[in-house]
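Student: Let me begin by handing over the structure; questions about it come next.
Nothing in this text is a laboratory measurement; each read-out follows from the coordinates by a stated rule. For clarity, every value in this text was computed on a predicted model and none was experimentally measured. We place every Cβ from the backbone using ideal geometry, glycine too, and count neighbours over all the protein chains shown.
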Amino acid sequence: MDKKKELKIELITPERVLLDSTITFATVPSGSGPIGVLPGHAPLLGTLFGGVLMVRDVSGKEFNVFVRRGFFMISHSGIKIVTQAAEIDDQIDLNRATAAKDRANKILASNDAAMDMKRAREALTRAETRIKIGQAIGKSH
């Protein structure tokens, strides 16, 4: 690995290590907004905001990963991300994401005081993001 042009990324969920690769660039969705990370980035620790993690591998191929909330650490050796859940773009099940969107919309439309509307809005946002990422991969292949 050319330390000046590449860095390591590790993406860890409670179930598994989803990504353990050498890359050239990533955009991390932080609580303060997206952070572009190139080799040599200053060390930083922060909160991961649910959304799209964009990664460019050493061949120049870009791909997106849906990530939920979590934490990230940028160090001289690379990026470590710990998140509740993550899905690489080509692994997103669009039918499952659409069903989740429909369920969230149904809850929000019900105005049922017994339902957790904040949680439903968060579920809707997650589903819409997963759908957007999943549909984009279909257009690029």
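Student: First measure r as the distance between the Cβ atoms of residue 76 and residue 117, then evaluate 1/(1 + (r/R0)^6) with R0 = 41 Å and state the FRET efficiency to the nearest 0.05. Please report the intermediate quantities before stating the final value.
Tutor: Details: r = 43 Å, r/R0 = 1.06.
For residue 76 and residue 117, the calculated efficiency is 0.40.
Student: Once you order the gyration tensor axes a ≥ b ≥ c over the Cα atoms, which shape class does region 55-95 get: rounded for a/c under 1.5, otherwise prolate or oblate by comparing a/b with b/c?
Tutor: oblate
Student: Same structure, new question: Would you check region 1-130 for Lys pairs whose C-alpha atoms are within less than 22 Å, ignoring same-chain pairs closer than 8 in sequence, and give me the count?
Tutor: 11
Student: Follow-up question, since we're still on this one. Specify which labelled value, from (1) 17.5, 61; (2) 16.4, 56; (3) 13.8, 41, agrees with Rg and Dmax of the Cα atoms in Å derived from the coordinates of the model shown.
Tutor: (2)
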